[in-house]
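Undergrad: Dropping the structure in here first, questions after.
The values are calculated or read from the model by the stated rules, or taken from the named source; none is laboratory data. These numbers were taken from a predicted model, which means no experiment stands behind them. We place every Cβ from the backbone using ideal geometry, glycine too, and count neighbours over all the protein chains shown. Quick note on the areas: whole protein, heavy atoms, side chains included, nothing else; ligands and nucleic acids left out. Shrake-Rupley method; radii C 1.70, N 1.55, O 1.52, S 1.80 Å.
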Amino acid sequence: MNKSNQQKLQRVYLDHSATTPLDPTVLATMLPYFGDTFGNADSVHYFGRQAAAAVDTARRTIASLIGAKHSEIFFTSGGTEANNWVIKRVPYAKQDKGNHIIVAAIEHPSIISATKQMEDDGYKVTYVPVDSKGIVDPDTIQKAITDKTVLISVMLANNEIGSIQPVAEIAKIAKKHGIAMHSDAIQAIGSVEVNVGKLGVDFLTLSAHKIYGPKGIGCLYIRGGQKIGKFIVGGHQERTYRGGTTNVPGIVGFAKALEIAVRDMEKNSTKLAELRDYFVSEILKRIEHITYNGHPTKRLPHNTNFTFDFVEGESLIMSLDLDGIACSSGSACSSGSLTPSHVILAIGVPEEKAQGSIRFSLGKSTTKTQLDYTIDKIVKRVDKLREMSPLFKQFTDGKKLI
Ligand SMILES: *Cc1c(COP(=O)(O)O)cnc(C)c1O
């Protein structure tokens with residue numbers, strides 16, 4: 001056997017927008033709560049009090065890191081639950097005023113699927129378009145408002161193309177009209193400042209596993225005095241607003257992950273943006289018939305998204321996987337299905353090209369060596385796939401004729 005055959009396939013994880021590995025420090029912080037400190041945070045005895053104290057500390061930490069009060073943080077099973085809670089239960093609490101919801105067309109499926117259900121239940125929903133760079137224009141929101149609008153939800157940064165939205169501006173408009181404002185800040189936190197006061201939002205969603213924390217834990221920030229119906233009912237956890245035995249290790253890990261994410265934000269963002277810019281410029285230099293999707297500057301430092309013409313996205317993902325490279329076609333929830341991403345369609349990529357869109361999302365452990373390896377493999381795989389494409393053959397034959 002020659003040497004290269006003995007070499008282990010190197011693995012390059014470039015899907016940090018789908019999930020991140022657990023930070024070892026976060027894991028260490030969580031471990032005692034799987035062990036001796038296992039109590040139910042609602043129990044009155046010693047074991048319960050220890051667990052409750054840990055949750056209280058974590059809640060205060062998270063609140064202070066986003067400029068909230070601890071009484072405004074409500075833990076959930078993750079971002080999906082928090083988003084469903086807002087979309088389904090804010091309009092319910094404000095039904096005296098109206099039944100109209102405004103969301104951006106590029107929201108995460110946990111928003112869009114919830115608004116679809118609301119439409120089935122008779123609510124009116126406006127899906128506000130974005131420009132070709134994936135940005136919502138506050139004027140478009142303003143124009144969509146009616147006297148029946150009760151909720152506006154616009155994400156702070158998009159998970160597929162990384163575009164950063166003018167949430168503070170939109171929140172001002174919402175406030176002027178007395179409309180509740182929500183933002184899904186899951187992708188943004190750790191990359192851009194998230195302060196509920198400065199953003200002026202009434203509701204905000206966070207999730208731990210996108211910031212090197214554990215899966216299955218997130219929270220909804222609810223501004224004091226804001227009305228929202230209960231969503232998951234059961235015990236009196238989370239001040240009766242969210243029933244279910246408290247996920248103590250998850251909450252403790254979430255707080256630790258957020259602490260690290262905010263502490264290292266500048267450092268990580270600078271490093272990631274540099275690596276990303278290198279990656280993007282090399283890809284654009286070495287591959288023809290390609291579009292870099294999203295905004296050139298108003299974008300997350302770790303996000304890249306390309307449309308490769310004459311390439312079927314899923315085929316590229318699968319062939320790169322053979323090279324040990326992990327990437328995705330955008331939303332983890334739509335990966336594996338062949339329907340083009342609603343985000344890529346929303347920025348105006350034609351349907352026949354949209355399937356060739358791929359996201360490479362970098363992370364804290366990404367290195368230039370890994371990216372160089374990835375760039376080489378992408379170039380080779382794209383070439384190969386195009387060689388097999390009848391459309392590409394037609395296209396190149398056509399060019400020869402001219
Ligand atoms: C991952 C993600 C979600 C879903 O959060 P979960 O905790 O995985 O349920 C929602 N919105 C955005 C923008 C995300 O990236």
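Undergrad: Show the residue pairs meeting these rules: Cβ distance below 6 Å; 6+ apart or different chains; first residue within segment 67-85 and closer than 23 Å to Ile101 by Cβ and without any contact (Cβ under 8 Å) to a residue 24 or more places away in the chain; second residue in a loop (DSSP other than H, G, I, E, B) and near the ligand (Cβ under 9 Å from one of its atoms).
TA: none
Undergrad: Restricting attention to segment 357-373, report how many residues are open to solvent by less than 30 Å² (accessible area, probe 1.4 Å) and either at pLDDT below 90 or farther than 26 Å from Ile106 by Cβ (or both).
TA: The first filter runs over segment 357-373 and keeps only residues open to solvent by less than 30 Å² (accessible area, probe 1.4 Å), leaving 357-363, 366, 371.
Applying the additional criterion that residues be either at pLDDT below 90 or farther than 26 Å from Ile106 by Cβ (or both) yields 371.
Residues that pass the stated criteria total 1.
Undergrad: Hey, does segment 100-114 have a residue that's more than 21 Å from the chain's Cα centre (by Cα), free of Cβ contacts under 8 Å to residues at least 12 places away in the same chain and more than 11 Å from the ligand (Cβ to nearest atom)?
TA: No, segment 100-114 contains no residue that is more than 21 Å from the chain's Cα centre (by Cα), free of Cβ contacts under 8 Å to residues at least 12 places away in the same chain and more than 11 Å from the ligand (Cβ to nearest atom).
Undergrad: Evaluate the following for Gly330: is it in contact with a strand residue (DSSP E or B) (Cβ under 9 Å, 6 or more places away or on another chain), assigned to a loop (DSSP other than H, G, I, E, B), at pLDDT 95 or above and buried (at least 22 other Cβ atoms within 10 Å of the Cβ)?
TA: no
Undergrad: May I pose another question? Please go through segment 6-26 and give me each residue that is surrounded by fewer than 17 Cβ atoms within 10 Å (Cβ to Cβ), away from the ligand (no atom under 16 Å from the Cβ) and under 18 Å from Glu259 (Cα atoms), ordered by number.
TA: Residues satisfying the conditions are Pro24, Thr25.
Undergrad: Picking from Ala68, Ala41, Ala58, Ala54, which residue would you name as being open to solvent by less than 60 Å² (accessible area, probe 1.4 Å), touching a Ser or Thr at 6+ places or on another chain (Cβ under 6 Å) and hydrophobic (A, V, I, L, M, F, W, C)? Reasoning before the result, please.
TA: On the way: Ala68 fails: touching a Ser or Thr at 6+ places or on another chain (Cβ under 6 Å); Ala58 fails: touching a Ser or Thr at 6+ places or on another chain (Cβ under 6 Å); Ala54 fails: touching a Ser or Thr at 6+ places or on another chain (Cβ under 6 Å).
Going through Ala68, Ala41, Ala58, Ala54 in turn, just one is open to solvent by less than 60 Å² (accessible area, probe 1.4 Å), touching a Ser or Thr at 6+ places or on another chain (Cβ under 6 Å) and hydrophobic (A, V, I, L, M, F, W, C): Ala41.
Undergrad: Hey, can you tell me all the residues within segment 172-184 that are under 14 Å from the mean Cα position of the chain (by Cα) and more than 8 Å from the ligand (Cβ to nearest atom)? Spell out how you get there, then give the answer.
TA: The first filter runs over segment 172-184 and keeps only residues under 14 Å from the mean Cα position of the chain (by Cα), leaving 183-184.
Hit for segment 172-184 is Ser183, nothing else.
Undergrad: Moving on to the next point. Take Ile378 and tell me if it is among the aliphatic types (A, V, I, L, M), within 18 Å of Glu288 (Cβ to Cβ) and outside any loop (DSSP other than H, G, I, E, B).
TA: yes
Undergrad: Could you go through segment 56-66 and let me know if any residue there is at pLDDT 95 or above and not in a helix (DSSP H, G or I). Can you show your working first?
TA: Here is the first cut: in segment 56-66, the ones at pLDDT 95 or above are 56-66.
Of the ones still in play, those that are also not in a helix (DSSP H, G or I) are 66.
Taking every residue of segment 56-66 in turn, at least one turns out to be at pLDDT 95 or above and not in a helix (DSSP H, G or I).
Undergrad: Having 2 or more residues that are open to solvent by less than 60 Å² (accessible area, probe 1.4 Å) and either free of Cβ contacts under 8 Å to residues at least 60 places away in the same chain or within 16 Å of the ligand (Cβ to nearest atom) (or both) is the bar; report the helices (runs of 4 or more DSSP H) wholly within segment 191-295 that clear it.
TA: Those helices (runs of 4 or more DSSP H) span 248-263, 265-286.
Undergrad: Can you report the number of residues in segment 27-38 which are within 30 Å of Leu300 (Cα to Cα), in contact (Cβ under 8 Å) with a residue 60 or more places away in the chain, open to solvent by less than 70 Å² (accessible area, probe 1.4 Å) and not β-branched (Val, Ile, Thr)?
TA: Residues that pass the stated criteria total 1.
Undergrad: Inspect segment 354-371 for any residue being in contact (Cβ under 8 Å) with a residue 40 or more places away in the chain, among the aromatic types (Phe, Trp, Tyr) and assigned to a strand (DSSP E or B) and give the result as yes or no.
TA: Looking through segment 354-371, at least one residue is in contact (Cβ under 8 Å) with a residue 40 or more places away in the chain, among the aromatic types (Phe, Trp, Tyr) and assigned to a strand (DSSP E or B).
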